[in-house]
Amino acid sequence: MRRKFRISKFGFRISDTALLSGVPQIRNPKSEIRNRIDWLGEFFISAVAFVAIAIIFLIFIYVAREAAPLAWRTIDGISIWSPFQPPYVWQPVGGVPKFNILSLIAGTFKVTLIAMLFATPLALAAALYTAEFAPPSLREWIKPAVEVLAGIPSVVVGFFVLIVLASWLQDAFSLQFRLNALSAGIGLAFAVIPLIYTVSEEALTSVPKLYREASLALGASKAQTAIRVVLPSASPGIFAALVLGFGRAIGETMIVLLASGNAATLSLSPFVPVRTLSATIASELGEVVFGGGHYRVLFLIGVILFIITSVINWMGSRYNRRLRQRLFGTA
Amino acid sequence: MLQIGQRWAEVYMKDHPAVTIQVTGGGSGTGIAALVNGTTQICQSSRPMKDEEKASVKQQRNAEVIEIPVAVDALAVYLNKQNSIDHMTMEQIRRIFQGEITNWKDVGGANANIVLYGRENNSGTYVFFKEHVLANGDFAERYQPLGGTAAVINAVVKDVNGIGYGGIGYATDLKAISVAKDAASGPVAPTMENALSKRYPLSRFLYWYTAGPPVGTIKDLVDWVLGPQGQNVVKDVGFYPLKDGAQSQ
């Protein structure tokens, strides 16, 4: 994603660079060696890229393999269907363990949506401001500042919400529960804002200057240009930013673990505690019986989390391609 | 109770390299079954062995069961200092944590909703509370599990309407209430003495069982566990030593 924007910023496309490299060179032994080094370098880079993909693939295989035995046999009275059957209760330890994960899935999406509702307007407004309105001197300051925000460890954000923000929210709205989906969602927004900001700011700045000049020449104001011309032109990149943010929010663990109250509730209210898939894995995997039913279910949750993020990213990139096609006629 | 067995084994084996102790989990029932079958020499249990179980050990192993209390486990129920309530019955605590009572006024307090805190399901404290207080029933949906006793205390200190549970020794900025076994008996304060004398209802002994009196290496191990070193391990893991003497060491 990032590479494409960089390239378009400098005004040429991949096809142009391909043409450049095809310029005939004077044949000499030195260039033969250079070619070989070139080839080696290329091989090395593609090998590294392949390793990265292989690692992700192997992680998925490992997680799926730990969950797999549930598919063909019942372990401790748990089958692969138990997490989807009533009663809708997640109490995996006790006399009659109950493993329904509906409340965990609902909780995950609830917190993620709240986080996106807070993060999207803030991050987009900040990106639009830095890309279109801020004087260059101020821009030099804002961008690194947001990058510092991205560098804050999520456990610190979670702790801040747990100790400080949750009390403010409770006092401000006189809430019954100090820790709830709202407090966790706002904490999560802190983690997502820098990501959405950085990617969409890059998308905005990579919109060709020509568009702005044409718009201004037609008599549009600076604000009109920014909102009616630049923002729609950058929409594929902004959309990609939102998808990335969503994926980050759904898998984020430490903030929700500390700030959500962790009760596995089924409710539409943002003011009750929630338990997410990721927080469940984090807090329970440490003490389960290795290879037991509870252990397998936790890995099954891992598989589900993996599938959810993959599907969202895949749908995001598909829609992104379609959007680019409609706007620019290229994929 | 698996935790404490593992720690004892680790520490003991460090001091006695010639001895190998293998600790296996699965719950008290599993351990007792292993003692009956003779696949283990010592069985740990967080509940006293039933008479039928003792009988089957005698039948299978041809030896009397020896019961050795090795540690004390006790929980306090915490309330915020501003809460006017200072004692409850076990039944009231159960109904509160199962979500049958949701307002403090139903147990004699202010008209406010109760907020439940406790430990995560990976903790022995959670299991003890669930077995002992909830009679293995489920916690209420809005029960908020937290990562440790310190987190539970922090939550109840910050929440006027909160209730939580945890170890006896931890309660400083909050109120550890007295608990009555039932409506007929009087409330008992959560102190070490009351826990050791078993008058306090939220306490229990943790046991070791052997088939026949321990001899040789097993006897050395049992003596070590009951001695100052073993009882220090008890404290490290978060349970209570049998005698106050072991606490100060």
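The values are calculated or read from the model by the stated rules, or taken from the named source; none is laboratory data. Source: prediction; values computed, not measured. Using ideal geometry, Cβ is built from the backbone for each residue, glycine included, and neighbour counts are taken over all protein chains shown.
Within region B:159-174, the set of residues being more than 22 Å from B:ASP236 (Cβ to Cβ) and surrounded by fewer than 18 Cβ atoms within 10 Å (Cβ to Cβ) comprises B:VAL160, B:ASP173. Considering (1) touching a Ser or Thr at 6+ places or on another chain (Cβ under 9 Å); (2) more than 18 Å from B:LEU116 (Cα to Cα); (3) surrounded by fewer than 19 Cβ atoms within 10 Å (Cβ to Cβ), say which one A:LEU285 fails and leave the rest. Answer for A:LEU285: the failing condition is (1). Looking at region A:257-267, is at least one residue farther than 17 Å from A:SER103 by Cβ, within 13 Å of chain B (Cβ to nearest Cβ) and under 24 Å from the mean Cα position of the chain (by Cα)? Yes, region A:257-267 has at least one match.
Looking across B:GLY230, B:GLY186, one residue alone is crowded, with 20+ Cβ neighbours inside 10 Å and of a type outside the set (Lys, Arg). It is B:GLY230.
Based on what the data block shows, is A:VAL89 within 11 Å of another protein chain (Cβ to nearest Cβ) and modelled with pLDDT of 90 or more? Considered against the rule, which asks whether it is within 11 Å of another protein chain (Cβ to nearest Cβ) and modelled with pLDDT of 90 or more, A:VAL89 comes out as yes. Answer yes or no: is there a residue in region B:35-50 that is of a type in the set (Gly, Ala, Ser) and modelled with pLDDT of 90 or more. Within region B:35-50 (the criterion being of a type in the set (Gly, Ala, Ser) and modelled with pLDDT of 90 or more), the answer is no, since none of the residues qualifies. Among the residues of region B:125-136, those identified as more than 9 Å from chain A (Cβ to nearest Cβ) and either at pLDDT 95 or above or in a helix (DSSP H, G or I) (or both) are B:THR125, B:PHE128, B:PHE129, B:HIS132.
Go through (1) in a helix (DSSP H, G or I); (2) within 14 Å of chain B (Cβ to nearest Cβ) for A:SER310 and report which single condition fails. For A:SER310, the exception is condition (2). Of all residues in region A:150-170, those satisfying the criterion of being within 24 Å of A:VAL243 (Cβ to Cβ) and surrounded by 16 or more Cβ atoms within 10 Å (Cβ to Cβ) are A:SER154, A:VAL157, A:GLY158. Scanning region A:233-252 for any residue that is within 13 Å of chain B (Cβ to nearest Cβ), surrounded by 23 or more Cβ atoms within 10 Å (Cβ to Cβ), among the hydrophobic types (A, V, I, L, M, F, W, C) and not in a helix (DSSP H, G or I) turns up nothing.
Note on region B:142-190: residues that are modelled with pLDDT under 85, out of contact with any strand residue (DSSP E or B) (no Cβ under 6 Å at 6 or more places or on another chain) and away from chain A (no Cβ under 14 Å) total 4. Checked against (1) over 30 Å from B:ALA150 (Cα atoms); (2) more than 20 Å from the chain's Cα centre (by Cα), A:LYS143 passes all but condition (2).
B:ASP15 falls short of the stated requirement of being assigned by TED's automatic domain parsing to the domain that holds B:LYS219 and farther than 14 Å from B:VAL225 by Cβ. Within region B:20-32, the set of residues being surrounded by 13 or more Cβ atoms within 10 Å (Cβ to Cβ) and over 21 Å from the mean Cα position of the chain (by Cα) comprises just one member, B:ILE21.
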